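Input: a single structure, listed below in structure tokens.
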Amino acid sequence: MPHSPPWLYNEFQHVGTDFEDPTQVETYDRNQRSSTPETEQALITQLGIFGGHTVIDLGCGTGTFAIQAALAGAQVFAIDVSQNMLTYAQRKAESSGATNIQFHQAGFLTYEHTAVPVDFIVSKFALHHLPDFWKMVAFQRMVTMLKQNGTFYLRDVVFSFAPSDYQTHLNDWIQRMAKPVAEGWTMQDFETHIREEYTTFGWILEGMLTQAGLAIASAHYPTPTYAEYISTKL
């Protein structure tokens, strides 16, 4: 990787849950109930990923999506800042028989894609580790990695409620989603996310995507605290 300027945001620093603890990686894999082989296969079908396509999975976590995309025949570049996440994902890939995955320890701001531009970039529940300025930098970098008319898929915690209603919606989110320890994300996990991580309002994210040179094909807000976007490189 080229020498980074001293002002570059350190995306390897601990934000929120500390995944340097291997037990937290296993907990993350267990708690990500929206990311199962079946749900990722459905997403792959929705996006139209198949053999011959190339895919970057930025913030691949424990690798469920990357593995299913590889099993569908795509060449996958799986990227994460956590070596523990990558090690766990590699073990899962080996067990599944998915061989066409390249794993790289890097992030939105530091991954250097040296191969030709790809057909798809997918990022799920990772972008909120960056403050908004650096999200914009990340979008611009991703656009350079995409083929013309390539697809960028983003799913994350995103706030679409009125800013004046933040207390009501954040408390409702915690009460609705929090689970007991060992059954899912706890109340403390959600409180840590709100306090220490960098969730963005949807209207800001939509502006960023457009400014980066992406055409938003769909913006879906299933709840006031989650969103998914499908965009195309212009």
Q: Mind listing the long-range amide H neighbours of G213? Cut-off is under 5 Å, sequence gap 5 or more, other chains count too, H placed in the peptide plane at 1.01 Å from N.
A: none
(Q) So for the chain, averaging the separation of alpha carbon pairs under 8 Å that are six or more residues apart and normalising by length, what relative contact order in percent results? (A) 19
Q) Under 5 Å between amide H atoms, partner at least 5 residues away or on a different chain: which partners does A227 have, H built in plane at 1.01 Å? A) D156, V158
Q: Leaving ligands, DNA and RNA out of it, work out the accessible area of T225 with a 1.4 Å probe and give it in Å² to the nearest 10.
A: 0
Q. Ranked from highest to lowest mean number of other Cβ atoms within 10 Å per residue, what is the order of the peptides 171-181, 85-95, 60-70?
A. 60-70, 85-95, 171-181
Q) Once amide H atoms are placed 1.01 Å from N in the peptide plane, what residues at a sequence separation of 5 or more from G63, or on another chain, have their amide H within under 5 Å of its amide H? A) none
(Q) Under the rule a/c < 1.5 gives rounded, and otherwise a/b versus b/c splits prolate from oblate, where does the chain land using the Cα gyration tensor? (A) rounded
Q: Could you tell me what percent of the accessible area of the chain is made up of carbon and sulfur, with a 1.4 Å probe and every protein chain present?
A: 54
Q) With every protein chain left in place, what is the accessible area per residue of the chain in square angstrom, probe 1.4 Å? A) 48
Q) Mind checking which of H193, H128, H220 has the largest fluctuation in a GNM of the chain, springs on alpha carbons under 10 Å? A) H220
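The values are calculated or read from the model by the stated rules, or taken from the named source; none is laboratory data. Since we're looking at a predicted model, the values are computed, not measured. Positions of Cβ are generated from backbone atoms using ideal geometry, with glycine treated the same way; all protein chains shown enter the neighbour counts. For accessibility, only protein heavy atoms count, side chains too; no ligands or nucleic acids. Shrake-Rupley method; radii C 1.70, N 1.55, O 1.52, S 1.80 Å.
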